[in-house]
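Q: Dumping the structure here so I can ask a few things about it.
The values are calculated or read from the model by the stated rules, or taken from the named source; none is laboratory data. Worth saying up front: this structure is predicted, and the values here are computed from it rather than measured. Cβ coordinates were reconstructed from backbone atoms using ideal geometry, including for glycine residues, and neighbour counts include every protein chain displayed. With ligands, DNA and RNA removed, areas are computed over all heavy atoms of the protein, side chains included. Shrake-Rupley method; radii C 1.70, N 1.55, O 1.52, S 1.80 Å.
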Amino acid sequence: MKLVERHFDFGSRGKLYTIVPLGDIHLGARACDEDRLKQMIKRIEKDPDCLWIGMGDYCEFINRKDPRFEPRSLAEWIKMSDLTDLARAQKNRFLEMVEPIAPKCIALLEGNHESAITRFTERHIYQEIVAEVKRMAGMTEDQKLGLGYYGWIRLKFVRARIAITYVHINAHHGFTGGRLAGAKALNMQRWLWTHDADLVLMGHSHNTGMQVEAVETVNQKTGEISYKNRVGAYTGTFLKSGVEGALTYSEVKGYLPMAVSGVEIQLRPGKKEYADRLKIITAPM
């Protein structure tokens, strides 16, 4: 298990930070909504206080020797010469797209599509992505950016060199499948009850949603009973349903259509009340 830490200095109590999870992009698939991805990248680039977390499955990463390979599912920009190394072509396009926002990356998760490349070809495409984003961001060798499949993010906000606020994020690429929302909601509920995080982020299932659970406790000093909210979110996808000519895995397996959608996290670390510091916005992209 890994921990990534980030430090921020700010002045006003009303200071707003926005965190955008970018994952389940599947760049290289014909069904990937690249226009929406470019819009989100521009949105992150233009806002000086907007940051992002990579949630995994950045590209399709299904090479020709993979039994899942389907020529009809390839993006139109993929050339015949790219077929010799599809993973490289897709990785390079992704890195070129995110280069303007590389310095604003908090952490990068590994998705199942990245891990499959390693498992079947012994090529660690995820480590290549982490190394390149670190280079573009001007990070030193010892600075952490990659979390692997699952890990923790500790954000430290310091106001006027005195007041310190911590926000702890538990991030997981995801492990829940299924056509309906029930299993996803139950797994998120269990995760929030068993992980003492301010925010839990999960991807993989391509759905978008926010969930709040409460934990009851007794203050060790005052003896007062209090309740703390734990917030979780499934972070959506850039993969469109029903794209003409794009034979996707979800359509073959009869999965229900998924909206191209995502979440944004608004953080106001200067707020006194815990409940006022964190807000999740879900909206179609």
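Q: Once Kirkwood radius over Cα pairs in Å is worked out from the coordinates, which option in (1) 20.5; (2) 19.8; (3) 18.9 does it equal?
A: Of the listed options (1) 20.5; (2) 19.8; (3) 18.9, (2) comes from this structure.
Q: Another question, then. What's the carbon and sulfur percent of the chain's accessible surface, probe 1.4 angstrom, rounded to a whole number? Write down the numbers at each step before the final one.
A: Working: 7390 of 14530 Å².
Taking all protein chains in place, the chain shows 51 percent carbon and sulfur surface.
Q: Using a 1.4 Å probe on the protein heavy atoms only, what accessible surface does K271 show? Give it in Å² to the nearest 10.
A: 80
Q: Do you know the relative contact order of segment 158-210, to the nearest whole percent, from alpha carbon pairs under 8 angstrom that are 6+ apart? If you can, show how the numbers build up before the last one.
A: Numbers: 47 pairs, mean separation 25.1, N = 53.
Dividing the mean separation by the residue count of segment 158-210 yields 47 percent.
Q: Which whole-Hz ³J(HN,Hα) couplings does segment 150-165 yield from phi under the Karplus relation 6.51 cos²θ - 1.76 cosθ + 1.60, θ = phi - 60°, glycine and proline marked x?
A: Each residue of segment 150-165 in turn: 7, x, 10, 10, 10, 9, 10, 10, 10, 10, 6, 6, 10, 6, 10, 10 Hz.
Q: Below 8 Å between Cα atoms, with a sequence gap of 6+, how large is the relative contact order for the chain in percent?
A: Numbers: 605 pairs, mean separation 68.2, N = 285.
The value is 24 percent.
Q: Moving on to the next point. Counting Lys and Arg as +1 and Asp and Glu as -1, what is the net charge of the other residues whose Cβ lies under 10 Å from the Cβ of G111? Intermediate values should be presented prior to the final figure.
A: Working: positive: none; negative: D24, D57, E110, E114.
My count for the surroundings of G111 gives -4.
Q: Search the structure for amide H atoms under 5 Å from the amide H of A107, placed 1.01 Å from N in the peptide plane, and list their residues when 5 or more places away or on another chain.
A: Answer set, sorted by chain and number: G54.
Q: Could I ask something else about it? Can you say what percent of the DSSP beta bridges in the chain, counting only those with both residues inside, are antiparallel? Round to 5. The partial results should precede the final answer.
A: Values: 34 of 62 bridges.
Given both bridge residues lie in the chain, the antiparallel proportion sits at roughly 55 percent.
Q: Let me ask something else. Taking the solvent-accessible surface of protein heavy atoms with a 1.4 Å probe, what is the per residue accessible area of the chain in Å²? Write down the numbers at each step before the final one.
A: On the way: 14530 Å² over 285 residues.
Solvent-accessible surface per residue comes out at 51 Å².
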